[in-house]
Protein chains: 4
Amino acid sequence: MKLSFETIALIGKRQDDTVAQSLRTMAAHLNGRGCRVLTDPSIADAFEGGGIEHQAWTSPVNGVDLVVAIGGDGTMLYAARLVAEAGVALLGINRGRLGFLADVGTEDMIETVDEILNGRYTKEKRIMLEARLETPDGEFTDIALNDVVLQKRDTGRMIDFQTWIDGSLVNTHGGDGLIVATPTGSTAYALSGGGPIMHPGIDSLVMVPICPHTLSDRPLVVGADREIEVRVLEREDTQSEVTCDGHLLGKLSPSARLMVRRADCVTNLIHPVGHDYFRILRSKLHWGRNTRNTGPWEGD
Amino acid sequence: MKLSFETIALIGKRQDDTVAQSLRTMAAHLNGRGCRVLTDPSIADAFEGGGIEHQAWTSPVNGVDLVVAIGGDGTMLYAARLVAEAGVALLGINRGRLGFLADVGTEDMIETVDEILNGRYTKEKRIMLEARLETPDGEFTDIALNDVVLQKRDTGRMIDFQTWIDGSLVNTHGGDGLIVATPTGSTAYALSGGGPIMHPGIDSLVMVPICPHTLSDRPLVVGADREIEVRVLEREDTQSEVTCDGHLLGKLSPSARLMVRRADCVTNLIHPVGHDYFRILRSKLHWGRNTRNTGPWEGD
Amino acid sequence: MKLSFETIALIGKRQDDTVAQSLRTMAAHLNGRGCRVLTDPSIADAFEGGGIEHQAWTSPVNGVDLVVAIGGDGTMLYAARLVAEAGVALLGINRGRLGFLADVGTEDMIETVDEILNGRYTKEKRIMLEARLETPDGEFTDIALNDVVLQKRDTGRMIDFQTWIDGSLVNTHGGDGLIVATPTGSTAYALSGGGPIMHPGIDSLVMVPICPHTLSDRPLVVGADREIEVRVLEREDTQSEVTCDGHLLGKLSPSARLMVRRADCVTNLIHPVGHDYFRILRSKLHWGRNTRNTGPWEGD
Amino acid sequence: MKLSFETIALIGKRQDDTVAQSLRTMAAHLNGRGCRVLTDPSIADAFEGGGIEHQAWTSPVNGVDLVVAIGGDGTMLYAARLVAEAGVALLGINRGRLGFLADVGTEDMIETVDEILNGRYTKEKRIMLEARLETPDGEFTDIALNDVVLQKRDTGRMIDFQTWIDGSLVNTHGGDGLIVATPTGSTAYALSGGGPIMHPGIDSLVMVPICPHTLSDRPLVVGADREIEVRVLEREDTQSEVTCDGHLLGKLSPSARLMVRRADCVTNLIHPVGHDYFRILRSKLHWGRNTRNTGPWEGD
């Protein structure tokens, strides 16, 4: 039977012993199924001496059919940024508990991968963001699966900034900054900032002000086909930075502007059959656990 | 020149003297422009003695081209429910400050109506909800422009309920209830309950738990093409009610279920040219006012 | 050795089999230690046929040294209201998981009670509230350990009300109502409404608006020596109710007023040595559990 | 008649023309009343050529009876830190709208100051915080009227930290940081972070986690007689800073600890007779303004 994916790249933090062991187990199993296994040259030594056939990749996307990332949601974010533009499919194996993105546990990984190689899987497109920082010194761009974040660089002072959507002024904000999140990112930093959970199937973004000075400056959900513009206002002693999934893109000075829009690429997540987004939410957010008996306000 | 709208129905609370006066002024002006003016028989006496030609309607939608509602957002909700199924266009005149839905002030209403009659206006579709209460005693349905709300009827106890989306369990909740809101309703009760603002252009709904027992039970944005199901769990001494835009639909008992989905009808709002949703948000939410000098945490 | 407490009253929902079994076990053990055991006449049959000596009380406070409540936080609230005015000490045994108030588990209860009878325990005073509803038809009062709550009675409309502290106007509110909570109640309904957690040692109350119409209408912490006054404003089609720890006190009409102040009595909680409030918070609120690996926004 | 205050120091940002003008007006008026006027040497040129008698101070507290700060709440914070340890009384004149701390407007300042000089005023003690940063390189301390804030220095990663109260572990937190605020600071940054408003009369502090990773990690109000300890956990690529009223105290490394307690000094605010804290709240937070007609969820 033809395999659904033949050339498979493995990604993981090999310094983590549990991850390194899972990488070896996975590589050996894929060898056995007849797959070609590619790895990051920096993790090659994790495979030494085990009789595991593998090749260092030149890039995780050239000729690759599937990337398997072993770790947690952080490793998935890293992997997504590597492969998104090439459109390569991505499967997440969670080293610990279930993740939002890595929804297969290490205990089930062999069985699950076999199912997937045999064609039993679902594919889910997750929208991504493109951030473009236009400055007097040039233009800088990056993509993000979770969020593009504007944040004050200096801890003692708030920043003032303005937002536009498709050229219409939205608001003049004061506070710690702004999170622009995808549905995928809505359960990450944006949730800590007071944003809503957004089902991955909706084609919208959410703008979440961070510790806003004005209490009515609330999260705003807008269509993903809109272009968001952010400018900071001149203010003594403040600096602002922009990050994409936690990676620094650059400083946002009053003479620059930040443009955020849906990226042309998406992350193609592979899920085992029976994947259930709400089950993951319930597990990650400790929902509905003994609602009646153990919560804060009714004991009986 | 042909008028954009020829037969126009007027809606307003005639007990409010300011509204009654505006209704008369509007009716007289529409007479002068050659429009046919229809009114609710109950408000007919507002027009007496002024030489205003008008007819009592049999319904505000039969043969009507445009409904003009004078009052506030509450009057707009009332009007929307009357005319939505027939698809008649709706223009809101705000008796006081700008409303979210009634975005024309009484001071500008004559000028604005003239522009609109002359064809200079924009039309905006707002999605609505259909609630269907399936009980052992029969099925009850209603529509809503803002929200469908499940709420405890008795003040001393919380209710337990479960939610499903397209048949998949979402969560088991404890608390005061649940608001299912459209983008239009996102700036109403849902906002007080901690929900996000949703741009009217997005095709999504938001489910906002009211005073949830579990602190991670946060607002959830889902596509408007989904069907939401709600069931309450049996619990001593509690009762639950369902309302649509504040109108009682019925009780939700453990043997019943509530289904909420996007209605087949929409509200067709008429706006003057230059209508700007964000300007209304800024005004209604006191956004961006002297952010730097007068807010709670930096005085200089 | 003299026992710390000689006459002990037992409280619990005998309809709950687990509770009934624990009541029997506790009564038999107290018999063995030489205590006199008193019970609610309605639960006397839980003790039949077990050779357990016990007497029906005329009241749970006459001649009683200690009340042991077996159940959960709801049973504790019930017990607290019964015994507070007489100042009798109260020990809570939790039938399930740890409660905020009932902080001894059934598995440890015998050992813990022995320690307590031998004098090894701590006593903690928890302040309570007194609510006085002054109406044209008379005055109604009640006490509460958790909270006094004003809430709309009808689900479709919000209520308008005003608050004063020691005679000074605080605010004119619109919304679903107001929670006035003690530190004990701060982890109950008030927490679901957005209030802060207040350490039981502080002598303050918190006023938490429920789903407030104005987004800056935030929880307000005031000294427990203040008197809070609440009046509702006349509004078509709305009614308001006042409850104390979930028990209906009465309706609040525009011609009445609600006065809330610290009660003269307190709840005297008995804790085992080593009682740790923060440990209970961590357990009940799922705090700090694998913060790094399993939360919503960083998986690695 | 003897003046209540004879030697008066003036504080203000003289670069701001409005402030400079008010400083001159105030100084001239105080001259006329027979007060001795002291000023910061750096603002002395604001008084040149006006025939105003004034002396440069060696410090704003030596021999000073009253400090008058003209500006806004930021200027008041600055002044409070200068004078608190000496216990000198402080009066705030607000250059713009009413401030939380500077509650006299420039239009009323002469009349108000006369009343105060004649003995008609109230004095209010506001508690302050003392922060002590204990590091391998030494100990650093500072005081704050509003808040002591721990915050991540690098924008892309959250920090992990633990809190103790009087030596008992409270929680292990993940997020952007922690605000420890006085009642005065509760309406500043802490409010933007989701904390409650605390009446200035209560002797409590509030600990507000900033964008906490765990959604149940909520603001915690504790007695002001408690000592709060904070330590950050080792984490790759993160750094944390501590500020007092926005002034950098230092970095908090995993080998250091931050201790926060009520300072020995207080700020002695002088208010005109009739000062009403709730009136200031209502004004600053746009409370109760046309609750019924103009808010987000009921227009009529």
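Remarks
- Scan of the stretch A:280-300 for residues that are at pLDDT below 50 and either open to solvent by less than 30 Å² (accessible area, probe 1.4 Å) or more than 7 Å from every other protein chain (Cβ to nearest Cβ) (or both), ordered by number: A:N290, A:T291, A:T294, A:G295, A:P296, A:W297, A:E298, A:G299
- Residue match in the stretch A:114-130 (condition: open to solvent by 50 Å² or more (accessible area, probe 1.4 Å) and closer than 30 Å to A:I228 by Cβ): yes
- Selection from the stretch B:146-158 of residues that are in contact with a Phe, Trp or Tyr (Cβ under 9 Å, 6 or more places away or on another chain) and not in a loop (DSSP other than H, G, I, E, B): B:D147, B:V149, B:L150
- Scope the stretch A:93-115; condition out of contact with any His (no Cβ under 9 Å at 6 or more places or on another chain) and not in a loop (DSSP other than H, G, I, E, B); matching residues: A:I93, A:N94, A:G105, A:T106, A:E107, A:D108, A:E111, A:T112, A:E115
- Residue in the stretch A:178-226 that is nearest to B:L220 (Cα to Cα), counting only those that are among the acidic types (D, E) and more than 7 Å from every other protein chain (Cβ to nearest Cβ): A:D203
- The set of residues from the stretch C:145-162 being within 9 Å of chain D (Cβ to nearest Cβ), touching a His at 6+ places or on another chain (Cβ under 8 Å) and not hydrophobic (A, V, I, L, M, F, W, C) comprises C:D160, C:Q162.
- All of A:L91, A:L77, A:L82 fail the test of being within 21 Å of D:E236 (Cα to Cα) and not assigned by TED's automatic domain parsing to the domain that holds A:D147, apart from A:L77.
Residue-by-condition table, conditions (1) farther than 21 Å from C:S240 by Cα; (2) in contact with a helix residue (DSSP H, G or I) (Cβ under 7 Å, 6 or more places away or on another chain):
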| residue | (1), (2) |
| --- | --- |
| C:A86 | yes, no |
| C:D108 | yes, no |
| C:E115 | yes, no |
| C:T122 | yes, no |
| C:F140 | no, no |
| C:N146 | no, yes |
| C:I159 | no, no |
| C:D176 | no, no |
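- Test result for D:G193, under 25 Å from A:Q151 (Cα atoms), outside the structural domain of D:D73 (by TED's automatic domain parsing), open to solvent by 10 Å² or more (accessible area, probe 1.4 Å) and of a type in the set (G, A, S): yes
- Scanning the stretch C:140-158 for residues that are buried (at least 24 other Cβ atoms within 10 Å of the Cβ) and among the aliphatic types (A, V, I, L, M) yields C:A144, C:L145, C:V148, C:V149, C:L150, C:M158.
- Single residue of the stretch D:86-109 satisfying the filter (at pLDDT 90 or above and open to solvent by 50 Å² or more (accessible area, probe 1.4 Å)) that is farthest from D:P272 (Cα to Cα): D:A86
- Among all positions in the stretch B:227-235, there is at least one residue which is at the interface with chain A (Cβ under 9 Å from one of its Cβ atoms), in contact with a helix residue (DSSP H, G or I) (Cβ under 9 Å, 6 or more places away or on another chain) and over 25 Å from A:R226 (Cα atoms).
- Among the residues examined, A:T182 qualifies as in the same structural domain as A:D237 (by TED's automatic domain parsing), within 22 Å of A:D73 (Cα to Cα) and either open to solvent by 30 Å² or more (accessible area, probe 1.4 Å) or under 15 Å from the mean Cα position of the chain (by Cα) (or both).
- If the condition is being touching a Phe, Trp or Tyr at 6+ places or on another chain (Cβ under 7 Å) and either at positive phi or outside any strand (DSSP E or B) (or both), then the stretch B:116-145 contributes only B:L117.
- If the condition is being among the β-branched types (V, I, T) and either within 23 Å of C:Y277 (Cα to Cα) or in contact with a helix residue (DSSP H, G or I) (Cβ under 8 Å, 6 or more places away or on another chain) (or both), then the stretch C:184-220 contributes C:T184, C:T187, C:I197, C:I202, C:V206, C:V208, C:T214.
- Residues located in the stretch C:55-82, provided they are outside any loop (DSSP other than H, G, I, E, B), at pLDDT 90 or above and open to solvent by less than 40 Å² (accessible area, probe 1.4 Å): C:L66, C:V67, C:V68, C:A69, C:I70, C:G71, C:T75, C:M76, C:L77, C:A79, C:A80
- Applying the condition of being under 19 Å from the mean Cα position of the chain (by Cα) and touching a residue at least 12 places away in the same chain (Cβ under 8 Å) to the stretch A:242-258 and asking which residue is surrounded by the fewest Cβ atoms within 10 Å (Cβ to Cβ) yields A:H247.
- Only a single criterion out of (1) free of Cβ contacts under 8 Å to residues at least 60 places away in the same chain; (2) surrounded by fewer than 24 Cβ atoms within 10 Å (Cβ to Cβ); (3) part of a loop (DSSP other than H, G, I, E, B) is not satisfied by A:R235, namely (1).
- The listed residues are A:V208, A:V222, and the only one of them that is surrounded by fewer than 24 Cβ atoms within 10 Å (Cβ to Cβ) and not assigned by TED's automatic domain parsing to the domain that holds A:A80 turns out to be A:V222.
- If you go through the stretch C:20-41 and pick out every residue that is over 16 Å from C:I93 (Cα atoms), out of contact with any strand residue (DSSP E or B) (no Cβ under 9 Å at 6 or more places or on another chain) and either in a helix (DSSP H, G or I) or aromatic (F, W, Y) (or both), you end up with 2.
- Tally, over the stretch C:15-34, of residues that are open to solvent by 20 Å² or more (accessible area, probe 1.4 Å) and away from every other protein chain (no Cβ under 13 Å): 10
- Selection status of A:E229, open to solvent by 10 Å² or more (accessible area, probe 1.4 Å), of a type in the set (D, E) and modelled with pLDDT of 95 or more: yes
- Positions within the stretch B:266-279 being in contact with an Asp or Glu (Cβ under 8 Å, 6 or more places away or on another chain), surrounded by fewer than 18 Cβ atoms within 10 Å (Cβ to Cβ) and under 24 Å from B:A224 (Cβ atoms), in sequence order: B:H275
- D:F161 meets each of the listed conditions (1) outside any strand (DSSP E or B); (2) more than 18 Å from C:M198 (Cα to Cα) apart from (1).
- Number of the condition not met by B:N171 [criteria: (1) among the polar types (S, T, N, Q); (2) under 19 Å from the mean Cα position of the chain (by Cα); (3) open to solvent by less than 40 Å² (accessible area, probe 1.4 Å)]: (2)
The values are calculated or read from the model by the stated rules, or taken from the named source; none is laboratory data. Keep in mind that what you see is a predicted model, and the values were worked out from it rather than measured. Neighbour counts are summed over all protein chains in view; Cβ atoms, including those assigned to glycine, are modelled from backbone coordinates with ideal geometry. These accessible areas exclude ligands, DNA and RNA; they are computed on the full protein's heavy atoms, side chains included. Shrake-Rupley method; radii C 1.70, N 1.55, O 1.52, S 1.80 Å.
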